[in-house]
Each structure stands twice: as C-alpha cells, then as structure tokens.
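Trainee: There's a structure below that I have some questions on.
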Amino acid sequence: MEAFELSRIARRNEELCRECGTCREIVACPGRGEVCIGCGACFLACPYQAIELKDRESVREVTVHVDGRVCEVPGRVSVREALDILGLAEVHPPGAKGIFAPCRVGACLSCTVEINGALRPACITEAEHGMRIRTTRPEDLTPLRLVDGFMGHTVGGVGTPWDLKGRGYIEVACFAGGCNFRCPQCQNWTTTYGGRGVPKSPGDAARRLTLARERYGVDRMAISGGECTLNRGWLIEYLRELKSLNPDERARLHVDTNGSLLTPDYIDELVSAGMTDIGIDLKSVEVETFTRITGVEDAALARRYLETAWDAVRYISDRYAKRVFLGVGIPYNPEFVSLEEMADSGAMLAAIDPGVQVCVLDYRGEFRRRIRRPSPMEMARVGRVLKDAGLNTVLCQTARGHIKI
C-alpha cells in the first residue's frame, strides 16, 4: 500500500491547557481512545488555544467507495478531507459542486453524506477502509441539525423592534449550532463549537419552540446561533413547520444571522417559508476589520461574506420593506474598529434606508479574545456618531441595558 505524506494530528499543549473540559464536554471528537483523525474540531473549540495541529508521520492508504467509484485515500482522515483529496472540493458559499462543510465541528450537519447506508456528518467521521460513501443525498431526506435553548427572552435580538423591549418576556428563541465565522470574541461559543447532542428535525424544533411560545405567552419566535443559515434546507423546512403550527396573524418568525450566505434567492425562500423579521449583523465596512472581528482569514472569502451581508440588507430593504421587519447590528470595540469606520457604516446604511433600526453591539472579551467591554458612555458616543451619519433609529447595547439615542 502507498504511504501518504499528508495528515494532521491534534496535540495538547500542556503549558496552555487549563483543564476547562471543552475538548471532552463540548467537542464531538470522532477519535477512539488515542486515535486522532485531525478533523480540527478540538483545535477550533479550545478557548485557550491549547490544541495544536501537527503534521503526522506518513499513514497507509485505505480504500473507500465514493458514488460507486473505488478510491484510495490516506487513513485516519475525516470523510470531508478524503473527499477534498478526491477533488470533491467544498465551495463557499454552497454551490453545485462539492459538499459544504462550514462549521467543521459536526453541529450544522450541512456536510451530511450517506456512509454505509446511514447519514453522517463528513467533517467529523473517519474515512475507514471499505467504507461506502454516497455524496448525493436522497430527495426525501429529512435534514437534521443541533439546536438547543428553546427559552424566553426579555430583550430579543437585533431583529426585535425597539418598542417591544422592556415589557417582560417578548419572544422565545432557540440556538442552532455551528458557524462559518471564527470570531475570537464569540459570545455564544459553546453553541458555535458544540458538536455533542441529538440532532433535531425541523418539525421537532418547530414543535419545541411552539410549546415555548405557549409557555411564555409571546408572539415572537426567533432562531439564532451559532449561525442559523448554514443548513439551508433545514432552516427553510423549519420555518414552514413553524408557520404551520402558528398560523395566527400575531405570530412573528424572526431569523437572527450574520448575513454572509443570504443571496437574493435564499432571502426569497425564507420569506416564502414564513419569515417576518430578520436581524443581520454587519460586522464592518472594511475587509481588514471584518477579518479581525470574524477570524475569517481568507481575504477573498472574507470579502465575499462581507459583500453578501451588505447586499442582503439592500435587497430586503428594497424588496420586502412592507413585509419584513429589518434590524441591523454593528459591533463596536475600539480594539478593532475606529469611530471613523463606524461613521462610514452609518452613512452606508443611511443611504440604503435612514429609517432602518440599527443596534450598536458592545463587543467584549469572551472565548479567546481578552478585550475590555466598552462603557455605556463610549457606546452612547458611538450611537451619536451613527445618528450624525443620518440614521433615525439607533440603539446601543450596554452593560446597563439598551439605550436609544
């Protein structure tokens, strides 16, 4: 058998490790015992960057069957990596060729393929000798995704109208696992990188959130993340199920997203499925700032994600102004964005629609980035910068609650 020279293995740096338990309790490690397939899930999830991916010694090849074709790939690699080696490259955003594996921790299940007759995530499944892989999914496939939370909220999100805040519980929300960003200051990182749990069908998730609506006595039902738009088929079916279970006119279906995958056809499908409200976090204006905030290091991919999000805001504002409530979030922390760039963001949004609701988000140090949280006074100053740029409705998230400028 041929020996392949490519493979990686995860190793713990004992000097950096804090024994936080993330790699044992949050990561869905596919390894058995000391066997590592180099999927990188633990590397992505470790808040102290105590996991390092090292080149490993050459490994023997294994034989897999992909769509009826006999192929040789390295042993001890993930199915996703094996498919990449075979030329079934993943694409960003998802397209006609290749599997889409954005989260790489087994949470969004966008990369599900049929393996030995069962549906499994390619990103955290080992490519084993004799394995039969089918990349074309059955048409009657019920999509699955890790989703949790299902709780009441008193504040809501970026896509929650300002005049509802301060009225007790105003909506219920659930949180979809996995994300295509790698934000160093991620404020929901256990959901972003958590691959453990039982995946839910769209119908199951819709029923759970409907029960939460009844329990809390609210009309708004939100889904956030992680990034809820990664698994498109799942999200569309989930909204349809949720709308079917909540046909009354008071029901509001709210999607909270980073907007990076929201092409016009995707937006049209979301609205058709029942979405009534959307909150989009526009991370920045400049690609360099976007990279600092999101951790997306590929410059071309970062630009595509950033432009897609801004284009989504324009498209929704132009096409669905009377059907969909649109809220926009802009993060602020002086560590990675200047007041001048915030003013540029405000001017660009005002040119789209001066009446759009904008919420300035006070990004703080969580997950890996250790940064000071901006004070309420700083946030108010940023809010005034956006008002001066021509925006009518500016909110500021602060340690003391939301304030309206």
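Trainee: Pairs, please: C-beta under 7 Å, at least 6 apart or cross-chain, first residue closer than 14 Å to A350 by Cβ and in segment 369-388, second surrounded by fewer than 16 Cβ atoms within 10 Å (Cβ to Cβ)?
Mentor: V385/L339
Trainee: Continuing with this model, one more query. Taking the conditions exactly as written (among the small types (G, A, S), touching a strand residue (DSSP E or B) at 6+ places or on another chain (Cβ under 8 Å) and not assigned by TED's automatic domain parsing to the domain that holds R232), does G75 satisfy them or not?
Mentor: Considered against the rule, which asks whether it is among the small types (G, A, S), touching a strand residue (DSSP E or B) at 6+ places or on another chain (Cβ under 8 Å) and not assigned by TED's automatic domain parsing to the domain that holds R232, G75 comes out as yes.
Trainee: Here's a follow-up. Could you give every pair whose Cβ atoms fall below 6 Å, whose first residue belongs to segment 263-276 and is more than 18 Å from Y305 (Cβ to Cβ), and whose second residue is β-branched (V, I, T), counting only separations of at least 6 or pairs across chains?
Mentor: E269/I236; A273/I236; M275/V255
Trainee: Considering only segment 164-173, I want to know if a residue exists there that is of a type in the set (A, V, I, L, M, F, W, C), outside any helix (DSSP H, G or I) and assigned by TED's automatic domain parsing to the domain that holds K54.
Mentor: No, that holds for no residue.
Trainee: Go through segment 33-74 residue by residue and tally those that are under 24 Å from R134 (Cα atoms) and in a loop (DSSP other than H, G, I, E, B).
Mentor: Residues in segment 33-74 being under 24 Å from R134 (Cα atoms) and in a loop (DSSP other than H, G, I, E, B): 7 in total.
Trainee: Output the residue which, of all residues in segment 291-349 that are aliphatic (A, V, I, L, M) and without any contact (Cβ under 8 Å) to a residue 24 or more places away in the chain, is surrounded by the most Cβ atoms within 10 Å (Cβ to Cβ).
Mentor: Taking the candidates together, the pick is A302.
Trainee: Against the condition crowded, with 23+ Cβ neighbours inside 10 Å, touching a strand residue (DSSP E or B) at 6+ places or on another chain (Cβ under 9 Å) and farther than 24 Å from H92 by Cβ, how does T160 come out, does it pass?
Mentor: Spelling it out, T160 is indeed crowded, with 23+ Cβ neighbours inside 10 Å, touching a strand residue (DSSP E or B) at 6+ places or on another chain (Cβ under 9 Å) and farther than 24 Å from H92 by Cβ.
Trainee: Among the residues of segment 137-158, is there at least one that is closer than 24 Å to A302 by Cβ and outside the structural domain of Y266 (by TED's automatic domain parsing)?
Mentor: no
Trainee: Within segment 204-237, restricting attention to residues that are assigned to a helix (DSSP H, G or I), in contact with a helix residue (DSSP H, G or I) (Cβ under 6 Å, 6 or more places away or on another chain) and in contact (Cβ under 8 Å) with a residue 40 or more places away in the chain, which residue is nearest to G259 (Cα to Cα)?
Mentor: Applying the filter and picking the extreme gives W234.
Trainee: Still on this structure, please answer the following. Checking the conditions here, which among G203, G197 is surrounded by fewer than 22 Cβ atoms within 10 Å (Cβ to Cβ), at pLDDT below 95 and within 30 Å of D140 (Cβ to Cβ)?
Mentor: The conditions single out G197.
Trainee: So which residues in segment 241-271 are among the aliphatic types (A, V, I, L, M) and under 19 Å from the mean Cα position of the chain (by Cα), if there are any at all?
Mentor: Those that are among the aliphatic types (A, V, I, L, M) and under 19 Å from the mean Cα position of the chain (by Cα): L253, V255, L261, L262, I267, L270.
Trainee: With respect to V77, is the statement that it is farther than 24 Å from P199 by Cα, of a type in the set (V, I, T) and touching a helix residue (DSSP H, G or I) at 6+ places or on another chain (Cβ under 9 Å) true?
Mentor: No, not satisfied.
The values are calculated or read from the model by the stated rules, or taken from the named source; none is laboratory data. All values reported here derive from a predicted model rather than from experimental measurement. Ideal geometry is used to build each Cβ from the backbone, glycine not excepted, and the neighbour counts take in all protein chains shown.
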